[in-house]
Structures are given as C-alpha cells and as structure tokens.
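*Asks:* Once you've had a glance at the structure underneath, I'll fire off some questions.
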Amino acid sequence: MGPVRTSALLDRVQRETLRYFTDFAHPACGMARERSGTPDMMDTVTTGGTGFGVMAMIAGAARGFIARGEAAERIALICGFLERLPRYRGAFAHWINGNSGETVAFSARDDGGDIVETAFLMMGLLTAREYVKSSEPALAQRIDALWHAVDWAGYCPTPNAMMWHWSPRHDFALALQLRGWHEALVAFVLGAGSPTHPIDVSTYQEGWKNSPSFRNGRVYHRIRLPLGPELGGPLFFAHYSFMGLDPRGLCEGGIDYFAQNRAQARINRTHCIANPGGFAGYGAAWGLTSCDGPTGYEAFSPSHDRGVIAPTAALASMPYLPDASLAALRHFDDYEGGALWGPHGFFDAFSQQAGWIAPSHLAINQGPIVAMIENHRSGLLWRLFMSASEVQTGLSRLGFTCSSGNVA
C-alpha cells in the first residue's frame, strides 16, 4: 500500500471514529456516551471517555474533519455541564446522567468521585486548554477553574497512598489503592503538578511503585517486560495515560516508558501470532485488551485470551509498532468485506472463532484510536499536553526526565 493510500486509510479511521464523539455525543451535555448498542444506557455519559473524546476532537480539528470553532463550541458545552455537576472533593463520578447531571453509581459503593476517570478528563481538558488558550481565552479560564478544583490530596487518606474512589456515603470503603502498574500513571503526574491540591511525592514512590505487581523484568516470547503483570496485561495500559504523556525518552527510576509500552505491544502481538489457544484468524488480526466479548465485557490479555480481538488494541499501538499496526488496520478494513465498520468507526471487537462481531462502540476504546494514531502521525496531542506547565511540574516532582526534551 502506497503512502497516499495509507494516509487516506488513516484519515478514514480517524474521521469515522471521531463521529462517536460528535454525532453520537449526548445532545444535552456534549459528553461522550459510555457505549452504543445498549438502549438503556443512552443517557449514561462517561467522565474518562469524555476526556478521550476532547482529545479526539482536537485531533479532528487539526486534520480538518471538524472546524476548529466547532471543536471549541463542543468543549465549551461540556465545560458548562461539568460546572453544574456534583463534585466529590473536586473530582467527578465515573458515570453521570447526561440529562439531569445526577451521578450514576458504577457499583454499590462507587457512588462518588473517581480520581482516575477525573485524571483522564483533566488530561483531555488541559490538552484543550493549550490548544485554545490564544484563540479562546475565556474557555481556557473555565478549564482552569475545573482543573484547580480537583482535590488530588483528598484522595490520599495517608500521604503515601492514593485511593481510586471517595464517596460522601462510603468514604474510602472500596479501599482500592492505586498501586502496581496499570493505566493510572497520569493521575500521579497531574496530582503532583496540581497548583492547588498537590499530592505528596511519597504517594507515587511508596504507594504506586511499592507493589509486587509494579516491577516485572521477566522475558516473554524473547521480549523483556520491565513493568506490569504476567505477559503484560490488557494493552490499554500502554494507551490511556500515554494519549497525553509522551513516552518517547520518558524515564524514571531506570524505566524507559517508551521501551515499556513497546515491549507490552510486542508481547501482545507475538502472543497472537503464536496463538497458543488455536483461535481462528489470529496473526493477521492481533490485539488483546478490555472490550466487549460474546458473553460480555472482559479484560482480555495474553494471560486471559478467549479469541476476542479489539481493533483499538492494535490501532492505538501505532506509535510503538507502526508497521504491525498498519497491517492490522488493513486487515480490519477488509475483514469480511468491511463488516467491522460501524456507524462510528470499527465496532468494538470481534471473534472469528465464534463468528461474532460486537454490535457496540465504547468511548474508552474509540478515543485512543483517534488520539494515538494522531500521536503517531504528528505528535500533536503529546506536544500540547506536555507543554502544560503543571504537567512539567508534576513530572519533575516525581523525578522523571526526558531525553527528547519534553520534560524540563
């Protein structure tokens, strides 16, 4: 495939996927709906997915898929809704009713704030602030007010521990501490960089990193994995925080984060090529992550492989494995005569083994497709997010350095 055709295909997947956050956005509030294909969830909007959608809209505006002014108007609509919502120590709930603004409990005791979802939202909003601060200063100021209100330290019952959830009814009863290696790195960077409610550095050093599941160092398929669980875990670990955090040359404590993410992507792909489960279609198709499956949503990975491929896994890995990700894109484009294409980009997942294609799209899987392809193509979202002074402060406080000059 020549460069012109490749560029056109990348344009198509970004443009079509962006429609999830424009055409399918909740009409009353502009936030991203949690998912399509589930009629009783049409009014449920998602905090983290909205942050991803804001980043997707910025990429879309830069590509000319939507007008810059339209992107700003949509982000302003979202901010206006957020300004009216219940907040929990300044943070937002995971799920919200897009009409009423009421919190939708994610589980029995998860009826308050979610600091990781809020971190993904703020990652998107700070990226937007850097994009619009010259042309739309009033919008940038509104974003600042939302950002400054988040009480990151309020999610730390002790200085060396950050908890995922806090509820006025249940306090820290869920007791889910952010530690080990998974998608939440950006919560520590933003918490450390907050100009109003910063976390203690020990939250990162003694909480996040001081866990048996943080360091790995073992070799899988002849690939050494520095961090994380057996065989790497679901591939979104390499995507969510790194939609904004530029991993190129990003280092801390002897860890090269680009090398970490590339190793996880290579292990994930090599596992699919080796295909120990003997699933139909593997090889040309690869990419295991959390997504819908024939029996419901699951965290698929090389250690929990059920023959379900999610296009987001390979496509959002394009900065790490460009050739392999492009090959997967071509396969998804051609699969069964285009059967993977839905109204808002590729459907969430499929299993050739089961003869099944998901009837759904999910915000948290569609957003990384647009954003990470854009970071592969231009580095735009990385440049914007990393240019925020608070991000630089957070990275510096936590001890990160960057050989490519992204970190002061």
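Throughout, read-outs are computed from the coordinates displayed, never taken from laboratory work. Since we're looking at a predicted model, the values are computed, not measured. Don't worry about glycine lacking a Cβ; one is built from the backbone with ideal geometry, like all the others, and counts go over all protein chains shown.
*Asks:* Mind pulling up the Rg/Rh value for the chain? Radius of gyration and Kirkwood radius, both on Cα.
*Replies:* My calculation puts Rg/Rh at 0.94.
*Asks:* When the helices in the chain are scored as -39500 (n - 2.57) per DSSP H run of 4 or longer and the sum is shared across all residues, what 222 nm value do you end up with, to the nearest 500 deg cm²/dmol?
*Replies:* Helix contribution divided over all residues of the chain: -12000 deg cm²/dmol.
*Asks:* Using θ = phi - 60° and the Karplus form 6.51 cos²θ - 1.76 cosθ + 1.60, what ³J(HN,Hα) does each residue of the stretch 163-169 get, whole Hz, x for Gly and Pro?
*Replies:* 9, 5, 10, 9, 10, x, 8
*Asks:* If you place +1 on the Cβ of every Lys and Arg, -1 on the Cβ of every Asp and Glu, and leave all else neutral, what size is the dipole of the stretch 169-290 about its Cα centre, to the nearest 20 Debye? Write out the running numbers ahead of the final one.
*Replies:* Values: 11 positive and 8 negative charges, 100 e Å.
Charge dipole, the stretch 169-290, about its Cα centre: 480 debye, nearest 20.
*Asks:* Could you give each residue of the stretch 143-156 its phi-based ³J(HN,Hα) in whole Hz, using Karplus coefficients 6.51, -1.76, 1.60 with θ = phi - 60°, and x for Gly or Pro?
*Replies:* So the Karplus estimates, Gly and Pro as x, are 4, 4, 4, 5, 5, 5, 7, 6, 8, 4, 5, x, 9, 10 Hz.
*Asks:* Oh, and also: Once phi is turned into θ = phi - 60°, what whole-Hz ³J(HN,Hα) does the Karplus curve with 6.51, -1.76 and 1.60 give for every residue of the stretch 11-20, x standing for Gly and Pro?
*Replies:* 4, 5, 5, 5, 5, 5, 5, 4, 4, 4
*Asks:* For the pair D334/A145, report the inter-label distance in nm, with labels modelled 7 Å from Cα in the Cβ direction.
*Replies:* 5.4
*Asks:* What order do you get for 301-311, 266-276 when each peptide is scored by the mean count of other beta carbon atoms within 10 Å, highest first?
*Replies:* In descending order of packing, they fall as 301-311, 266-276.
*Asks:* Over the chain, what is the relative contact order in percent, taking alpha-carbon pairs closer than 8 angstrom and at least six residues apart?
*Replies:* Relative contact order comes out at 18 percent.
*Asks:* If a paramagnetic tag sat 7 Å from the Cα of T158 along the Cα-Cβ line, which residues of the stretch 199-229 would have the backbone N under 11 Å from that point?
*Replies:* Counting backbone N atoms under 11 Å from the label point, the list is 207.
*Asks:* Evaluate E = 1/(1 + (r/R0)^6) for R5 and A354, where r is the Cβ-Cβ distance and R0 equals 45 Å; express this FRET efficiency to the nearest 0.05.
*Replies:* Approximately 0.90, to the nearest 0.05.
*Asks:* Let me ask something else about it. Report, by chain and number, residues whose modeled amide H sits under 5 Å from the one on M162, excluding near sequence neighbours (fewer than 5 apart, same chain).
*Replies:* Residues meeting the amide H criterion: L178.
*Asks:* Could you point to the residue in M31, A108, L126 farthest towards the positive end of the stretch 1-129's charge dipole, with +1 and -1 charges on the Cβ of Lys/Arg and Asp/Glu respectively?
*Replies:* Going by the Cα projections, it comes out as L126.
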